[in-house]
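Take a look at the structure below.
Every number here is computed from the coordinates shown, using simple stated rules; none is lab data. It should be emphasised that the depicted structure is a prediction, and the values quoted were computed from it without experimental measurement. Backbone-built Cβ (ideal geometry, glycine too); neighbour counts: all protein chains shown.
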Amino acid sequence: MMSAGPRTLCDKIWDRHVVRMQEDGRAILYIDRHFVHEVTSPQAFEGLRDAGRKVRRPEATLAVADHNLSTAPGRTAESGEEDSRRQLSLLQENSSHFGLTYYGPRHRRQGIVHVIGPEMALSQPGMTIACGDSHTPTHGAVGSYAIGVGTSEVEHILATQTIVQRKAKNMRITVEGDLPLDVTAKDMVMGIIGQIGFAGGTGHVIEFSGKAIRDLSMEGRLTVASMAIEAGARSGLIAPDETTFAYLRDRPFAPRPAEWDRAVELWSSFYSDDGAYYDSEIRFPADRIVPMVTWGTNPGEVVPVTGKVPDPAAAKTEEERAAIAASLKYMGLEANTLISDIRLDKVFIGSCTNGRIEDLRQAAAVVRGRVVAPHIAAMVVPGSSHVKQQAEQEGLADIFLKAGFEWRESGCSMCIGLNADRLGPGERCASTSNRNFEGRQGDFGRTHLVSPAMAAAAAIAGQFVDVRTWRTH
């Protein structure tokens, strides 16, 4: 049923995809695009087999190898750890059995699912998109309603091309003004999460708007949308505009030239009407955003690079004091330590949040002509095979290699410790990924989230530095 009166961007997409409303208030929602990978799909496919069901629309689902995949240079399907190889083999098997397109280790467009979706224009404005992965909201940067789902929901989508959902509340976060020089989309979204908390968007879909958002490149918007889940939101999205259309044009799955104008006309209708109701509205001044670094064990535990690790004694509540103390203990940090005094062991540049070509350009601009600190192990992992090829053609790979970085094959890599790229116990990493939970990058590993430029500078210095001053050194 269509909402009455002015509608938000999310309302418009939702209304177009409701198949039927149920008596309990939940909707059966049609899913336009479904992505599956090797980690969350095996049980779903097994459920289909056990029930004797087929995939309802095989052409609407793409299977991608990314989480467990080895990123070692020259990797093959046989590379990596035994458990990983088994899961990849199972995904290939299931894809063949159910008639799905599979982007495996040798596919020329293989990559992280949330990188290749927009990169190939598989993700388009106004779509509903689902994947058994929490960072599916990344696709919302093109103006789609994109959600992470559980294994049982993956099976339901495969069997019916629908999902049962209760509509979330609407939140609008408006970032006004202009970002300062050397402050990035990653700093922006980390600053927002630091303000509202890592549960600040719970129960909501966040629409990001304002001049600072509109001025972002598509890569920057994808970074912001990727981390909506880190504020607890169900999804994050940005209204499509000329930046979106220019990015999608001529990509492999974009509408053909004869259909392009009609597609853009439709896409242009996906915006929030004046007077549309939001359950929550928050405004941020862009000129106050600075390079950010997480110090704790969730993305909300973040401070400016010029700041200090917090002191539990200064907490306002006992609950807050205990949380800060627990994070400091895990991270091996002392209260009031300057962020710039934190020494590192490893640096990771990559992930679905920061593994795109613009991210690698930002990092290379900092690295050019410099050398990684002797005690640092640093790696760059492109988000897709296409990004890798483009970076090599532009000479970015040579810059990283000459500086002492490892240059890897595309994949999720050290964003999540499901492959050989992981931290050892107690190792400390500056990471461009999206999540710094305990053990996320390896058992007892310690993760600090930063932008690509900040990670690159940290690799050279061996500790955190303010990238705004780095170019003058």
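Bridgeable lysines around residue 12 (alpha carbons under 17 Å apart, same-chain partners fewer than 8 residues away excluded): 167, 169. Taking residue 316 as the anchor, which lysines have their alpha carbon closer than 18 Å to its alpha carbon, excluding any fewer than eight residues away along the same chain? Leaving aside lysines fewer than 8 places away in the same chain, those within reach of residue 316 are 308.
Here's how it looks for residue 342: its modeled amide H is under 5 Å from those of 464, which are all 5 or more places away or on a different chain.
Working note: Karplus 6.51/-1.76/1.60 with θ = phi - 60° gives segment 321-326 the couplings 4, 5, 5, 5, 4, 5 Hz, where Gly and Pro are set to x.
PRE reach from residue 392 (point 7 Å along Cα→Cβ): which of segment 89-122 fall under 16 Å by backbone N? Zone members listed by number: 105-111. Converting phi to 3J(HN,Hα) with the Karplus coefficients 6.51, -1.76 and 1.60 and the offset θ = phi - 60°, segment 294-306 yields 7, 10, x, 10, 8, x, x, 8, 9, 9, x, 4, 7 Hz in sequence order, with x at every glycine or proline. The equivalent ellipsoid of segment 155-236 has semi-axes of 27, 14, 11 Å, largest first, where each one is the square root of 5 times an eigenvalue of the Cα gyration tensor. Highest mean packing comes first when the peptides 123-131, 147-155, 242-250, 271-279 are listed by Cβ atoms within 10 Å, giving 123-131, 147-155, 242-250, 271-279.
Among bridges DSSP assigns within the chain, what percent are antiparallel (round to 5)? Antiparallel bridges make up about 25 percent of those DSSP assigns within the chain. The alpha-carbon of residue 186 sits under 15 angstrom from the alpha-carbons of these aspartates and glutamates, leaving out residues fewer than 8 places away in its chain: 178, 215, 219, 230, 287, 301, 358, 359, 466. Remark on residue 146: its backbone amide H falls under 5 Å from those of 129, 140, 236, a criterion applied only to residues 5 or more positions apart or on other chains, H modelled at 1.01 Å from N. The modelled label-to-label distance for the pair residue 316/residue 86, using points 7 Å beyond Cα in the direction of Cβ, is 4.9 nm. Using a simple spin-label model with pseudo-atoms 7 Å out from Cα toward Cβ, residue 469 and residue 178 lie 2.4 nm apart. The alpha carbon radius of gyration of segment 69-137, expressed as a multiple of 2.2 N^0.38 Å, is 1.23. The radius of gyration of the Cα set in segment 187-306, together with its Dmax, comes out at 16.3, 52 angstrom. The tail of the calculated P(r) for segment 333-439 beyond 25 Å holds 20 percent of all Cα-Cα pairs.
Taking amide H as placed 1.01 Å from N in the peptide plane, residue 406 has its amide H under 5 Å from the amide H of 378, 379, 380, each at least 5 places away in sequence or on another chain.
If R0 is taken as 30 Å, the Cβ-Cβ distance between residue 280 and residue 214 corresponds to a FRET efficiency of 0.90.
When peptides 232-238, 256-262 are sorted by average Cβ neighbour count within 10 Å, with the highest value leading, the order is 232-238, 256-262. Within segment 46-91, the proportion of C-alpha pairs whose separation exceeds 15 Å stands at 57%.
Approximating the spin labels as points 7 Å out from Cα along Cα→Cβ, the residue 444-to-residue 340 distance works out to 3.2 nm. Taking the alpha carbon gyration tensor of the chain, multiplying each eigenvalue by 5 and rooting it gives semi-axes of 33, 27, 22 Å, largest first.
Oblate is the label for segment 215-280. Its Cα gyration tensor axes, ordered a ≥ b ≥ c, give a/c of at least 1.5 and b/c at or above a/b. Scoring 176-182, 460-466, 164-170 by mean Cβ neighbours within 10 Å over their residues and listing the highest first yields 460-466, 164-170, 176-182.
Mean residue ellipticity, 222 nm, helices only, the chain: the sum of -39500 (n - 2.57) across DSSP H runs of n ≥ 4, divided by residue count and rounded to 500, is -9500 deg cm²/dmol.
Both radii are taken from the alpha-carbon atoms of segment 1-111; with Rh as the Kirkwood radius, Rg/Rh is 1.11. Normalised by residue number, the volume inside the convex hull of the Cα atoms of segment 253-336 is 218 Å³ per residue.
Once you reduce segment 120-175 and segment 88-106 to the center of their Cα atoms, the two points are 22 Å from each other. Given a cut-off of 17 Å, what percent of all Cα-Cα pairs of segment 30-173 lie beyond it? The calculated P(r) of segment 30-173 puts 59 percent of pairs beyond 17 Å.
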